[in-house]
Amino acid sequence: MQITQQRYYTQEEYLELEETADYKSEYIDGQIISLADGTINHNQIALNLSTELNFAFKKQNYRVFMGDVRLWIPQKRTYTYPDVMILAGEPEFFNNRRDIITNPQVIIEVLSKSTKGYDRKDKFQAYRTISTFQEYLLIDQTRIHIDQFSKTGKKQWTLREYDEEDEAIALVTVPFEIYLQDLYNKVKFEVVESEGESADVEGLG
């Protein structure tokens, strides 16, 4: 993530700039921060998960949004684009804008090298100010590894880790389960070879 300029932007200025921008940016309390370009692995994982979620919820009262829907976090004065969001019921729109929602129940982020620290700390802290937010998945795109945080009470969260392809992740707050081999289907991991060289190898599927 990179701050575009060291100046203060109003929310209105940010939203106006986003309308014509060639790339997506986040807004954090007056600063506009450009998002890194996605990778093939990032896209594949988000697509695999969203496809399975959308099918599972076909006849249930949940909505799934992927990538392009903006989230407004009022307590942190932040606009962001989670990789995947799950909502119970209908979306609540900010200022009647149908591209900005405020009520996710589950948020999923596919970690990238440049943002994984931010996703684990500051962004998670911001997400926890959302009253409807109850579950957080952090999915590694460079290896088989997922952290699952679920809310158990006020200011209380539990963590479960997954790192084996024959394991299944069951979401705690919505009725959904997916095997890691399906989540990572067609994902290729990069392995480090001798003398610092690297190569792509087939992952799962």
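The values are calculated or read from the model by the stated rules, or taken from the named source; none is laboratory data. Predicted model only: the values in this text are computed from it and were never measured. The accessibility values were calculated without ligands, DNA or RNA, using every heavy atom of the protein model including side chains. Shrake-Rupley method; radii C 1.70, N 1.55, O 1.52, S 1.80 Å.
The string of couplings for segment 94-105 from the Karplus curve (6.51, -1.76, 1.60, θ = phi - 60°) is 8, 6, 6, 8, 7, 10, 10, 10, 9, 10, x, 9 Hz, one whole number per residue in order, with x for Gly and Pro.
How much of the accessible area of the chain, in percent, comes from carbon and sulfur atoms when a 1.4 Å probe is used? Before the final figure, lay out each step's value.
Working: 5110 of 11570 Å².
Percent of accessible area from carbon and sulfur atoms in the chain: 44.
A helix-only calculation puts the chain at -5500 deg cm²/dmol for mean residue ellipticity at 222 nm, using -39500 (n - 2.57) for each DSSP H run of at least four residues, averaged over all residues. Pairs with C-alpha atoms separated by more than 28 Å, drawn from the list Lys24/Lys154; Lys58/Lys151; Lys155/Lys186; Lys24/Lys121; Lys76/Lys113, are Lys24/Lys154; Lys155/Lys186. For the chain, modelled as a GNM with alpha-carbon contacts under 10 angstrom, which of Ser25, Ser131, Ser150 fluctuates the most? Ranking Ser25, Ser131, Ser150 by mean-square fluctuation puts Ser131 first. The string of couplings for segment 82-89 from the Karplus curve (6.51, -1.76, 1.60, θ = phi - 60°) is x, 5, 9, 10, 10, 10, 8, x Hz, one whole number per residue in order, with x for Gly and Pro. Residues Lys76, Lys113, ordered by accessible area of protein heavy atoms at a 1.4 angstrom probe radius and largest first, appear as Lys113, Lys76.
Comparing Arg98, Arg70, Arg128 in a Gaussian network model of the chain (Cα springs below 10 Å), the most mobile by mean-square fluctuation is Arg98. Look at the alpha carbon pairs under 8 Å that are at least 6 residues apart: their mean separation over the length of the chain gives a relative contact order of 14 percent.
Our coupling estimate for segment 116-121, obtained by passing each phi through the Karplus curve with A = 6.51, B = -1.76, C = 1.60 and θ = phi - 60°, is 5, x, 5, 4, 6, 10 Hz, Gly and Pro reported as x. Largest mean-square fluctuation among Glu167, Glu12, Glu26, in a Gaussian network model of the chain whose springs join Cα atoms under 10 Å apart, belongs to Glu12.
Shape summary of segment 1-154, radius of gyration then Dmax from alpha carbon positions: 15.2, 47 Å.
In segment 82-187, the alpha-carbon atoms span a convex hull of 120 Å³ per residue.
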